[in-house]
1. Radius of gyration and Dmax for the range 1-109's Cα atoms, expressed in Å?
2. For 119, 29, what's the fewest-to-most ordering of other Cβ within 10 Å of each Cβ?
3. Normalised by the residues of the chain, what does the relative contact order come to in percent, with Cα pairs under 8 Å and at least six apart?
4. With n ≥ 4 as the cut-off for DSSP H runs, can you work out [θ] at 222 nm for the chain, using -39500 (n - 2.57) per run divided by the number of residues, rounded to the nearest 500?
5. Regarding the range 89-179, what is the average projected area of its C-alpha convex hull, in nm²?
6. Quick one: P(r) of the range 2-307 from all Cα-Cα pairs, 20 Å bins, percents rounded to integers, in order of increasing distance.
7. Cα centroids of the range 283-308 and the range 160-233: how far apart, whole angstrom?
8. I'd like the Karplus ³J(HN,Hα) series for the range 118-130: coefficients 6.51, -1.76, 1.60, θ = phi - 60°, whole numbers in Hz, and an x wherever there's a Gly or Pro.
Amino acid sequence: MIFFIVIFIFILLIFLSVAFFTLLERKVLSYMQYRKGPNKIGFIGIMQPFADGMKLFTKENIMPSTSNSMIFFIMPIMTLITSIMIWIISPYFFTYLFFNMGFIMFFCLSTLTVYSAILSSWASNSNYSMLGSLRVIAQMISYEISMAMIMIPFFLMVNSLSLYEFFNLQNNFFFMLIPLGLMWIVSCFAETNRTPFDFAEGESELVSGFNIEYSSVLFAYIFLAEYCSIIFMSMMTIVLMFKGNFFSFIFYLKIGLMCFLFIWIRGTLPRFRYDKLMFLNWKIFLPTTIMLLMFYSTISMMMKFFMI
């Protein structure tokens, strides 16, 4: 019973984090664009996320008459469940959940988000949705390959696939592996469909991409899943590279700064051209990560050999 209560509180805290992250994004973007942003509801607009949530969850749900209604309804819920389940690999000190192969679990669950985007856009029966889904398939599958290659040297340094070992070691791997760290951060933007890689939701040409037909509570599920994955990728970046001590306030400040980086990039950079996105992955990231993987694996083997 205590286990389920703890999990419920943890999920509730994730949703609260998402709510205030959206407020942070709207306020930061507004000041970047020299305007006020949300400032009416509550003190300096602090209750705005709850007002938006109330509006979305009470609106009428409009479903296209030509859509596959069952898949159309289920896929946003599956997207949200998948985004919450990814948090299960983080080191817990208050439950029996522990994964020795946490990163394998991460790749399995992050791949499932591609299927939910494909099926939700197909079930919408809209040309814009299908174009958005085709983009997200190519984008996410391409960058997951380079992400896996980037993460392998970190595993070799730690000799484990669990986030718990990174928590125990408390090393600044980013400064040891700077090229891989920079490519990891760029891949996080591509993996979460954020600017400058937001091709699945290209407003200028696809209106709203793969979720164009969604409204009300179903749109809220997709929205929550996207921001939940952004916060998770920020947490994972800090644990992997910048000393992730869960019992320190500095750790949560680092996560906040990483989330701020997502917003800063959105307010600064324009969207890439699609062929440049593919060029960046297949012609630059993938060959570079393979060469660095060979280099760091050789160093790791030499260190183990001389230690023996």
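1. Both quantities, over Cα of the range 1-109: 18.3, 50 Å.
2. 29, 119
3. The value is 24 percent.
4. Numbers: 13 runs with 217 residues, N = 308.
Counting only the DSSP helices, I get -23500 deg cm²/dmol.
5. Convex hull of Cα atoms, orientation-averaged projection: 7.7 nm².
6. The percentages, shortest bin first, are 30, 59, 10, 0.
7. Each part reduced to its Cα centre gives a spacing of 26 Å.
8. 4, 5, 5, 6, 5, 5, 5, 6, 10, 5, 5, 5, 5
Each value in this text was obtained by applying a stated rule to the coordinates, not by laboratory testing. The shown structure was predicted, so the numbers you read here are calculated from the model rather than taken from an experiment. All Cβ positions, even for glycine, are placed from backbone atoms using ideal geometry, and neighbour counts span all protein chains on display.
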